[in-house]
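The values are calculated or read from the model by the stated rules, or taken from the named source; none is laboratory data. Note that this is a predicted model, so its numbers are computed, not measured. We place every Cβ from the backbone using ideal geometry, glycine too, and count neighbours over all the protein chains shown.
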Amino acid sequence: MEKSNEVIAFDHVRFCYGEVCAIRHATFSLKKNTLTALIGPNGGGKSTIIKLLAGVIKHEEGSIDVAPGSYIGYVPQSAAFDQTFPITVFQAVLLGTLETRIKPFKTYTKAQKEQAKQAIAEVGLAGKENRGINQLSGGQVERTMIARALASDADIIVLDEPDSSLDVDAAAELYELLKTLKKEKTILVASHRLDKILDIADAALFVDGTVAVYDNISQLKEKFQAGVLL
């Protein structure tokens, strides 16, 4: 990493689906304890950037550097989470404490259980630990998935459109949670609600095949308000 406050750096990254390149020459960095908005049109490559960060797919060219000792927590779109699965909030969050390689018949430690409880409290779901996932509202499901990422000890949290299925009130609560979490975590969140996400963002990445970096949020908001096509 070139700068001490950078936790992730992309350098001329490319990824293609067959002959169609979703991302070309992507170069940007994420700074510690900031919230970066990932914005752009549908099909522009936002989800590809997130999947590259989460390790779901591997880049073909360029490099992706993560600061030593940093760990990425991935919060997928809620549609990817089976809300009919018979699992409680506590059980879902507890999964975040597991190591990559799960040992058969291994029981959770007291420390892991405490870690899960702390994460649940941090996202405002204390008292709902034993509630089934299928009994939660959309906003509560998002909070559960964020808690699972927190329970993994991740210091970088990547969210793929967590507000896409939320009503106005639930989305507002989510933004307040993210604004609080960025004091201790580095957050990258993809969203189409530009009027809201840019209000809490420290920087923005506009993704449409390539990545344009905006460190000045006020300037970016002015461009959108003026109808400027980026």
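Any idea which of (1) at pLDDT 90 or above; (2) loosely packed, with under 13 Cβ neighbours inside 10 Å is the one Asp167 doesn't satisfy?
Checking Asp167 against (1) at pLDDT 90 or above; (2) loosely packed, with under 13 Cβ neighbours inside 10 Å, the one that fails is (1).
Name every residue in the range 147-172 that is touching a residue at least 40 places away in the same chain (Cβ under 8 Å) and more than 20 Å from Ile39 (Cα to Cα), in order of residue number.
If the condition is that a residue be touching a residue at least 40 places away in the same chain (Cβ under 8 Å) and more than 20 Å from Ile39 (Cα to Cα), then Ala147, Arg148, Ala149, Leu150, Ala151, Ser152, Asp153, Ala154, Asp155 are the ones that fit.
Filter the range 107-124 down to the residues that are under 23 Å from Leu166 (Cα atoms) and not in a loop (DSSP other than H, G, I, E, B) and list them by number.
Result: Ala119, Ile120, Ala121, Glu122.
If only one of Ala111, Ala92 is among the small types (Gly, Ala, Ser), in contact with a Lys or Arg (Cβ under 7 Å, 6 or more places away or on another chain) and not assigned by TED's automatic domain parsing to the domain that holds Ala54, which one is it?
Just a single option satisfies the conditions, and that option is Ala92.
Say whether the condition of being under 20 Å from Leu52 (Cβ atoms) and of a type in the set (Gly, Ala, Ser) is met by at least one residue in the range 170-184.
no
Identify, from the list Glu129, Glu184, Glu114, Glu176, the residue that is of a type outside the set (Phe, Trp, Tyr) and in contact with a Phe, Trp or Tyr (Cβ under 7 Å, 6 or more places away or on another chain).
Step by step, each of Glu129, Glu184, Glu114, Glu176 is checked, and only Glu129 is of a type outside the set (Phe, Trp, Tyr) and in contact with a Phe, Trp or Tyr (Cβ under 7 Å, 6 or more places away or on another chain).
In the range 184-215, how many residues are without any contact (Cβ under 8 Å) to a residue 60 or more places away in the chain and among the hydroxyl-bearing types (Ser, Thr, Tyr)?
Looking only at that region, the number is 1.
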